[in-house]
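Right, one structure below, let's go through it.
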Amino acid sequence: MHSLTALVVQGSDLQAALVCLVVCAALGWSAPPLIARLPEPEPVSEVAPVPEPVTDSTLPDGPEADPTSEDRKLFARRLPPPPPKELYSDIAALPRLGPWVAVWSGVIGAVFGLVLGWTGALVYLVPLVPIGVVLMLIDWRTTLLPTRILHPTYLLIAVLIPLAALVDRDLDALYRAGWGWLIVGGWFWIFWWLFTAWGFGDVRLARVLGPVLGYLGWAHLMMGLALILFVGAIGGLVMAAVRGSLRARVPYGPSMLVGAAVAVVAGPWLARSLGY
């Protein structure tokens, strides 16, 4: 009887993996047209005009008027100017981009489904998988995380995470998701605010990954934050070594997404292995 029950449970997990594979792959296949429609960021002038001296009583409006905009970053890094940005339309036109995004999205979705089984978390994880693959691709090629993708994703998780909690009948998961937003998003915001440790696009992405991991459990959340920082540190050092400078601009989003994905799959196991 026990072996029969185990087979049924295993079969159910395989069904979840198959459904996740198909849906994630189908969503990922449609990525190129969406990438092509992303608006290009405003060009930054290479030569900034020299501001006229002003007194304290006549400070102008704008970032220059905020004395904390630069001074607050106690140990801010000074990065070199970014290289010419690759156009989103050129990224969308990469050969076989649709099939590649579909394959990666399908594989990651299948692993999530196999590990988690039929759970309400799949309600938000399945659509987030192809979004994460697209963000990883764009950040890798441009060192940018488009707000035109991240801002709608906020709305997506604001709707789907509560829906997942209703499916699971687990309001504690909703509580943990809120703490995930605060812990992971707050960590990235503080280090951006003080040190410019990463770009603000990474802070926006952290506000997505925090609730996603927090919903799954405290082990997923804390190990996820640790993995994001660990993978980011290793990846940053490797890319800086390849580019020959610790001040080189490197994409941090892919490391964040890889760390979060590993935490979804193996967060509790890693926590137990470390004695937590």
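The values are calculated or read from the model by the stated rules, or taken from the named source; none is laboratory data. Bear in mind the structure is a predicted one, so any value in this text is a computation, not a measurement. Counting neighbours? That spans all protein chains shown, and the Cβs are built from the backbone with ideal geometry, glycine included.
Values for this structure:
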read-out	value
Selection within the range 149-173 - surrounded by 14 or more Cβ atoms within 10 Å (Cβ to Cβ) and more than 18 Å from residue 126 (Cα to Cα)	170
Residue identified as within 18 Å of residue 213 (Cβ to Cβ) and more than 13 Å from the chain's Cα centre (by Cα) among 166, 171	171
Test: residue in the range 145-164 that is modelled with pLDDT of 95 or more and outside any helix (DSSP H, G or I)	yes
Yes/no for residue 195 being free of Cβ contacts under 8 Å to residues at least 12 places away in the same chain, out of contact with any His (no Cβ under 9 Å at 6 or more places or on another chain) and of a type in the set (A, V, I, L, M, F, W, C)	no
Restricting the range 102-125 to residues that are over 20 Å from residue 10 (Cα atoms) and aromatic (Phe, Trp, Tyr), the residue that is surrounded by the most Cβ atoms within 10 Å (Cβ to Cβ)	124
Residues located in the range 234-254, provided they are at pLDDT 90 or above and farther than 18 Å from residue 125 by Cα	234, 251, 252
Restricting the range 127-148 to residues that are aliphatic (A, V, I, L, M) and more than 11 Å from the chain's Cα centre (by Cα), the residue that is farthest from residue 32 (Cα to Cα)	144
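Listed here are the residues, each with its yes/no results for (1) without any contact (Cβ under 8 Å) to a residue 60 or more places away in the chain; (2) part of a helix (DSSP H, G or I); (3) surrounded by fewer than 20 Cβ atoms within 10 Å (Cβ to Cβ); (4) within 11 Å of the chain's Cα centre (by Cα).
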| site | (1), (2), (3), (4) |
| --- | --- |
| 209 | yes, yes, no, yes |
| 215 | no, yes, no, no |
| 223 | yes, yes, no, no |
| 233 | yes, yes, yes, no |
| 239 | yes, yes, yes, no |
| 249 | no, no, yes, no |
| 263 | yes, yes, no, no |
